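Note sheet for the following structure.
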Amino acid sequence: MGFRSDIKRDYQAVFKKDPAARNSIEVILAYPGFHAIFFHRINHFLWKKRIPVLPRLISHIVRFLTGIEIHPAAEIGPGFFIDHGMGVVIGETTEIGQDCLLYQGVTLGGTGKEKGKRHPTLGNNVSVGAGAKILGPIRIGNNVIIGSNSVVLRSIPDNAVCVGVPGRVTKRKIIRMTTEEGLVEVMDYFPDPMTEKLRDMESQLESLAKRMEAMERLGGKGGKMRVYNTLTGRKEEFVPLVPGKVRMYVCGVTVYDHCHIGHARSAIVFDVISRYLRYKDFEVTFVKNFTDVDDKIINRAKQEGVPWDSVAKKYTEEYYEDMGRLGVGKPDVEPKATEHIQEIISIVKGLIDKGYAYEVEGSVYFEVDKFPEYGKLSKRDREEIMAGARVEVDERKRNPLDFVLWKKSKEGEPSWESPWGPGRPGWHIECTAMSVKHLGESFDIHAGGADLIFPHHENEIAQSESFTGKPFAKYWFHNGFITIDREKMSKSLGNFFTVKEVLDRFDPEVVRLFLLSTHYRSPIEFSDEQLREAEVSLDRYYSTIVRINNFFERDDGEERPSDAEKHYEEKLRSMKEKFEEAMDDDFNTALALGHAFELIKDVNRFLDAHPEGIKAKDLLKKAKEFLSEVGSVLNIFAKTPYEWYRSLMAMKRIPLSEKEIVEKIQERKDAREKKDWERADRIRNELDEKGIILEDKKDRTDWRVKAG
Ligand SMILES: [Zn+2]
């Protein structure tokens, strides 16, 4: 990179990294951080030309003017920016990659007195918080975030977040999303395994003490379940507020467009969690809302030139159609924001009366400074939030983090009468109003996608707990993102697949199996290949059921105990326990499915050993029953093999009817009887090319559709 292009990148970085930067004149005249890097680039050029004294002199003068000291020898990549620059010191042998950001008071300092490398090396896209010190010839990986005031003495791996004195790595999983606002980084809230393990042990000790008491209160229901709670940041024993009952609220969709597969994941995950809670004998009340008035809906209506409520109505219907096709169960209550305006107004009024909210020109804002615990869910303090978040700039707010509870409606926008004039609810307040109304002021589970942790759920907690004076939800569950080529699937990026598109090519059970084959908190990489793999797995299940059914049709025969039978019987006995163990451990559907497919493998091995007798039949019957029980929780395995093959024929666009296939099989049989092997083979190959596989049995030929 040349001098000019580097400076250009530095200049652009100011706008990227400082939301307050408005125009070029301001940046060129009033950004000491920009001055510092500008002169450093000149200085560094002179330094490399081995010009004596002058570079050091310029560096000294620039430090005097900007409060930033950069040794002329430091190697700094393009796109570099120092925000609020006073007191920054960058030592001689420092190397900095591209697109890095430093705040005030940062020291990139040296240790030791020997010549040579004594200062740190920063990778690309590193952010260093105010007052942090990075000392010695260590390496800070790409995309690392160093927290304010931490003192880092050891190398930090890529994608880590490092805080404290001495600096330690806290979280590693970061998902990068390109949105309309540019590149945004989001924690996947999936802690690194070591931290999770430590916390797990800690909480196990705690829960052991509580176990006896808890078991009594549970009245035998649900015991031993452990769930990951975003609020506490660890797995803990699941003990509902009222023994035997679970009240659960999930943030639903904003109805302004078709559902994409990311929405399907959230719907399927929480559907399965509610099914498993019922399987564990809990009495579950499951509430999931619709956001049916919102900026996105209003914008969509403007684009299409239709009334806003017809957009909401249309996409609510589409949502039902998609979820119906996906086989997602209906929650017990499905409240809509527009049906709870009075409840919303009375909560907003209550928040003003209690001093948590204020009105400005017909809009009402929640005052974040009045809620000291703000940030407890997303585990960030206000400074971090301010540094990381895209905070809406609005001069009417007392603090940029304050959020709108009630929004004054503009001309032509939907509006309701309120004590503050005509307006409409802000996004967050509706969930407080609806959950409190349908589940009570405190309830058990609040859930949604990981992208809702901040600001939506953080704001919900602040306004709800301020209003009621009680803890809001006890457990917070968040499902991971779906990524395509490692980027979050999102509408704004255009890298998404609608539910309709996917269901056009794959059976709903394939989609469900695919989504449940990964733990619900982990990100899933979406690809056709993965879906085809799920299709092959499901096909293995259905063809196993065919084998079992065929076995049932046979005469009983003589008992023939074998090693295969013994092995299989043992496996079968422990299966239910294993399934529940997996699901009790934070709804680990991936592991539960692993056990189910292991059993399927064992069934096939058992059948390969040609068993005979009533006991064999009984054992196979038990396997079938167990698999159908697993299926009823995970909402798969619900078809008959015949329905499965019919569905595959439709999905694969097989250019033959069943009648034609049967006729071909008959033709082939005739040819074989006439010993016309060539013709028989030709028919088999012809069917194979069209995706139909023939299986010759003793007395007949079966056919099935090629999966995958
Ligand atoms: Zn919500």
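The values are calculated or read from the model by the stated rules, or taken from the named source; none is laboratory data. All values derive from a computational prediction rather than experimental measurement. Cβ placement follows ideal geometry from the backbone for every residue including glycine, while neighbour counts extend to all protein chains displayed. Accessible surface is based on the protein model in full, side chains and every heavy atom, while ligands, DNA and RNA are left aside. Shrake-Rupley method; radii C 1.70, N 1.55, O 1.52, S 1.80 Å.
If a residue has to be under 37 Å from the mean Cα position of the chain (by Cα) and open to solvent by 40 Å² or more (accessible area, probe 1.4 Å) to count, how many in the stretch 547-573 make the cut?
Within the stretch 547-573, residues that are under 37 Å from the mean Cα position of the chain (by Cα) and open to solvent by 40 Å² or more (accessible area, probe 1.4 Å) number 2.
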Only listed residue being open to solvent by 40 Å² or more (accessible area, probe 1.4 Å), touching a strand residue (DSSP E or B) at 6+ places or on another chain (Cβ under 9 Å) and modelled with pLDDT of 95 or more, chosen from 460, 430, 417, 487 = 417
Go through the residues of the stretch 436-452 one by one and say whether even a single one is among the aromatic types (Phe, Trp, Tyr), in contact (Cβ under 8 Å) with a residue 24 or more places away in the chain and within 23 Å of residue 267 (Cβ to Cβ).
-> yes
Assuming residue 266 fulfils every condition listed in (1) outside any helix (DSSP H, G or I); (2) under 19 Å from residue 476 (Cβ atoms); (3) within 16 Å of the ligand (Cβ to nearest atom) apart from one, which condition is it?
-> (1)
Restricting the stretch 238-259 to residues that are open to solvent by 20 Å² or more (accessible area, probe 1.4 Å) and assigned to a strand (DSSP E or B), which is farthest from the ligand (Cβ to nearest atom)?
-> 245
Residue 383 fails exactly one of (1) in contact with a strand residue (DSSP E or B) (Cβ under 8 Å, 6 or more places away or on another chain); (2) more than 16 Å from the ligand (Cβ to nearest atom); (3) in contact (Cβ under 8 Å) with a residue 60 or more places away in the chain, namely (1)
Filtered residue count, the stretch 649-704, keeping only those that are at positive phi and loosely packed, with under 15 Cβ neighbours inside 10 Å = 2
Could you check, for the stretch 366-375, whether at least one of its residues is in contact (Cβ under 8 Å) with a residue 24 or more places away in the chain, small (Gly, Ala, Ser) and within 16 Å of the ligand (Cβ to nearest atom)?
-> no
Note on the stretch 285-296: residues at pLDDT 95 or above and either surrounded by fewer than 21 Cβ atoms within 10 Å (Cβ to Cβ) or within 11 Å of the ligand (Cβ to nearest atom) (or both) are 285, 287, 288, 289, 290, 291
Of the conditions (1) polar (S, T, N, Q); (2) assigned to a loop (DSSP other than H, G, I, E, B); (3) within 16 Å of the ligand (Cβ to nearest atom), residue 399 fails just one. Which one is it?
-> (3)
Of the residues in the stretch 574-593, those that are buried (at least 19 other Cβ atoms within 10 Å of the Cβ) and of a type in the set (Ser, Thr, Tyr) number 1
Which of the residues that make up the stretch 297-346 are open to solvent by 10 Å² or more (accessible area, probe 1.4 Å) and either at positive phi or not in a helix (DSSP H, G or I) (or both)?
-> 305, 306, 307, 327, 328, 329, 330, 331, 332, 333, 334, 336
Just one of 28, 37, 7 is part of a helix (DSSP H, G or I) and either basic (Lys, Arg) or modelled with pLDDT of 90 or more (or both); which is it?
-> 37
For the stretch 407-434, pairs from a residue that is touching a residue at least 60 places away in the same chain (Cβ under 8 Å) and away from the ligand (no atom under 16 Å from the Cβ) to a residue that is open to solvent by less than 10 Å² (accessible area, probe 1.4 Å) and of a type in the set (S, T, N, Q), with Cβ under 8 Å and 6 or more apart or across chains, are 420/363; 423/363
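Which residue, of 515, 503, is crowded, with 22+ Cβ neighbours inside 10 Å and either out of contact with any Cys (no Cβ under 8 Å at 6 or more places or on another chain) or under 19 Å from residue 485 (Cα atoms) (or both)? First the steps, then the outcome.
Working: 503 fails: crowded, with 22+ Cβ neighbours inside 10 Å.
None of the other options fit; the residue is 515.
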Is at least one residue of the stretch 91-98 of a type outside the set (D, E, K, R), over 34 Å from the mean Cα position of the chain (by Cα), closer than 27 Å to residue 136 by Cβ and exposed (fewer than 15 other Cβ atoms within 10 Å of the Cβ)?
-> no
Residue ID - nearest to the ligand (Cβ to nearest atom), chosen from residues in the stretch 435-444 that are within 17 Å of residue 463 (Cα to Cα) and either within 20 Å of the chain's Cα centre (by Cα) or charged (D, E, K, R) (or both) | 437
With (1) within 24 Å of residue 11 (Cα to Cα); (2) touching a residue at least 40 places away in the same chain (Cβ under 8 Å); (3) open to solvent by 10 Å² or more (accessible area, probe 1.4 Å) as the list, and residue 104 as the residue in question, which single condition is left unmet?
-> (2)
Please specify each residue of the stretch 227-237 satisfying the condition of being farther than 23 Å from residue 331 by Cα and away from the ligand (no atom under 16 Å from the Cβ).
-> 232, 233, 234, 235, 236, 237
(1) over 18 Å from residue 372 (Cα atoms); (2) within 13 Å of the ligand (Cβ to nearest atom); (3) hydroxyl-bearing (Ser, Thr, Tyr) all hold for residue 464 apart from (1)
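In a helix (DSSP H, G or I), open to solvent by 10 Å² or more (accessible area, probe 1.4 Å) and closer than 30 Å to residue 499 by Cβ - does that describe any residue in the stretch 358-373?
The answer is no, given that none of the residues of the stretch 358-373 is in a helix (DSSP H, G or I), open to solvent by 10 Å² or more (accessible area, probe 1.4 Å) and closer than 30 Å to residue 499 by Cβ.
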Could you say which residue among 407, 349, 379 is out of contact with any Lys or Arg (no Cβ under 6 Å at 6 or more places or on another chain) and not in a helix (DSSP H, G or I)?
-> 379
So, first residue of a type in the set (Val, Ile, Thr) in the stretch 583-607, second residue in a loop (DSSP other than H, G, I, E, B), Cβ within less than 9 Å, six or more apart or across chains; the pairs are 589/517; 589/518; 589/519; 589/520
Answer from 596, 707, 616 - the residue that is at pLDDT below 95, surrounded by 18 or more Cβ atoms within 10 Å (Cβ to Cβ) and assigned to a helix (DSSP H, G or I) | 616
Looking only at strands (runs of 3 or more DSSP E) that fall completely inside the stretch 71-170, which ones have 1 or more residues that are charged (D, E, K, R), touching a strand residue (DSSP E or B) at 6+ places or on another chain (Cβ under 6 Å) and more than 22 Å from residue 3 (Cα to Cα)?
-> 133-135
Does the stretch 569-587 contain any residue that is over 29 Å from residue 273 (Cα atoms), modelled with pLDDT under 90 and not aliphatic (A, V, I, L, M)?
-> yes
